[in-house]
Each structure stands twice: as C-alpha cells, then as structure tokens.
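Reviewing the structure listed below.
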Amino acid sequence: MAARAAAPQQHAYVLHHYDWSETSLVLELFTREHGRIAVVAKGAKRPYSQLRGVLLPFMRLNVGLSKPSKLQEQGVAEVQTLRSAEWLGGATLPAGAALFSGYYLNELLMKFLPRHDPHPQLFDAYALALPQLSQPEEQQAAQAALRAFELRLLADCGLLPELSVLATTQQDLQAETLYTLSADSGVQLPAYEAPQLRGRHWVALQAALLHGSVAALQQACEQCCTDHGAALKAVLRALLQYHLGQRPLRTREVLVEAQKLLN
C-alpha cells in the first residue's frame, strides 16, 4: 500500500501542549491557513527527537502534517499527526514581563478561537506582536502591539461593536469629544466615570481595522497610547472580560501575584 501523502507545509506557532503518552504530545497550534488546530507529535518527548528542541511557544515554525483522513474531513476526528517542524528563525522565547504578555496572547487565542477557523489577519497581528514584546526600550510600541492584537481578535470573533458612530443615533463621532465603549451596545457619551477616548481615535481604530493592515492598526493604537494609553487598555480588557464571562485569564492572575511578591 502506498504511503499517505503529506499535506502541504504551513507556518504555525505552538500555543499549548498536553502529555499524550510517555513519549508523545498533543499540541495546540495556531496556523495562518487553518486557525487553531490540534496535532499529535509522536515521540516528541524522547531525548533524541528532532522535534524536542523546536516545539516551543513563540517560535515561528514551518510544520508538515499528515493529510486529513476521511473521518477528519467529516468532522468525526480533529487531531492530525505532526510529521515535521522546522524553526524559521527570528525571535525566540521572550523574558520577564514580555513572557507573561506572550502567554497572555496564547491564552486569548485558546479561549476565543474555535478549532479550524482561520484568521490570517489575526495570525499576522500575533506574529508582529511577539518580537515587539521583547524590546523593553520600546514599551509604547509593545503596548500598541498588544492593543492591536486585542482589537483584531475581538473584530475577527464578531465581538467588537462599530467604533466610528454613536451607538444610540448612528451619527458620526465628533473629533474632540470624549466617548466610552459599552460591550453590549457600542460607542457612547460617558454617563458615568469610565475609560474614554476622543472621537478621532475611535474613528482611526475603525478605519485601521477595515484597512486590514496590521501595521496601520498598530500605528492607530500607538497614537491612542500616546494620548490615552491607560484608557484604551482598560476599555479592551473590560470588553474581553465581558465576553469571557466567569472564565478568568490565568496569565493575568499569575502576573498580579508575581507583582505582589516583588513589591
């Protein structure tokens, strides 16, 4: 019987892994072509395995997977077999606070994305954010990259309201007027103390999302961070938590506990 042909290779990041046996792992991968997928890495835990040194978080990989079986194509089974993985170079594991930020992105992807739901723009936002997190001298750029990722994630999941109009009237926003964002309705005039951005910033964020360029979205976020950095972070974190419901973000809890120990 002829060997099964391998599926085309694709770029991927390791989001998480689970022990599958004494020698093998189940990996959660984030790919540009197929979104989040689960694969089995047979023998990856063996000391001499060529996979052992590359199946690490935050490293861009070129992976080869087994061709999906008919059962997998019909949705009966989801897990494919990892045939090969090659590190494509570039940034490796971040350190310090950047490591927590990287795991925070991974946790968001794990909790918000269903499997086999591709989001190429979100993949690009993730890929561009990772190296920026590891540059402590460029904190504003790192924060802009995080905000751009959060915005792209919410937009791609259909959880981000229209940002360029007033929710109650659908009128255009006034450039210098301060507005807040309600998770269940959209942009509003603040009726209580809440994080606020000027109308021109909300409009710029919406335009960058529609443009589709990660660089444009990061630039719009960086301008917001310059003028209202804490407000943009607070708005997006509240929106994410609203949609997470009772599910806490473990990485955020760990970071808070670590900061308490250091103070």
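Over the chain, how many pairs of lysines fall under 25 Å by alpha carbon, counting only those 8 or more apart in sequence or from different chains? Provide the component values of the computation, followed by the final result.
Working: LYS42/LYS67; LYS42/LYS70; LYS45/LYS67; LYS111/LYS233; LYS233/LYS260.
Lysine pairs satisfying the spacing and distance rule in the chain number 5.
ARG52: net charge of surrounding residues, Cβ under 9 Å, Lys/Arg +1, Asp/Glu -1, itself excluded?
Numbers: positive: LYS45, ARG46; negative: none.
Net charge around ARG52: +2.
Quick check: from the Cα gyration tensor, does the stretch 83-165 come out rounded (a/c under 1.5), prolate or oblate? Each step should come with its number before you reach the end.
Numbers: a/c = 2.08, a/b = 1.20, b/c = 1.74.
Oblate, since a/c reaches 1.5 and b/c is not below a/b.
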Q. How big is the charge dipole of the chain about its Cα centre, in debye rounded to the nearest 20, if each Lys and Arg gets +1 on its Cβ and each Asp and Glu gets -1 on its Cβ?
A. 940
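Taking the Cα centre of the stretch 10-87 as origin, work out the dipole magnitude from +1 charges on Lys and Arg Cβ and -1 charges on Asp and Glu Cβ, in debye rounded to 20. Please list the in-between numbers first.
Numbers: 10 positive and 7 negative charges, 39 e Å.
Result for the stretch 10-87 is approximately 180 debye, rounded to the nearest 20.
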Q. Around ASP117, which amide H atoms from residues at least 5 apart in sequence, or from another chain, sit under 5 Å from its own amide H, with H modelled in the peptide plane?
A. ARG36
Q: Scan around TRP20 for amide H atoms under 5 Å from its own, H built in the peptide plane at 1.01 Å from N, and keep only partners 5 or more places away or cross-chain.
A: LEU25, VAL26
Q.
Helix-only mean residue ellipticity at 222 nm, the chain, DSSP H runs n ≥ 4 weighted -39,500 (n - 2.57), per residue, nearest 500. What is it?
A. -13500 deg cm²/dmol
**Q.** Among PRO118, SER101, TRP202 - extreme Cα towards positive end, dipole of the chain, charges at beta-carbon
**A.** PRO118
Q. GNM, the chain, Cα, under 10 Å: largest mean-square fluctuation among HIS11, HIS243, HIS201?
A. HIS243
Q. Which log10 I(q)/I(0) values, to two decimals, does the stretch 122-224 give at q = 0.10, 0.17, 0.24 Å⁻¹ under the Debye formula with one point per Cα?
A. -0.28, -0.77, -1.27
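Here, each number is a calculation from the coordinates, and none is a lab measurement. The model shown is predicted, which means the values in this text are computed figures rather than measured ones. Note: ideal-geometry Cβ built from the backbone for every residue, glycine included; neighbour counts use all protein chains shown.
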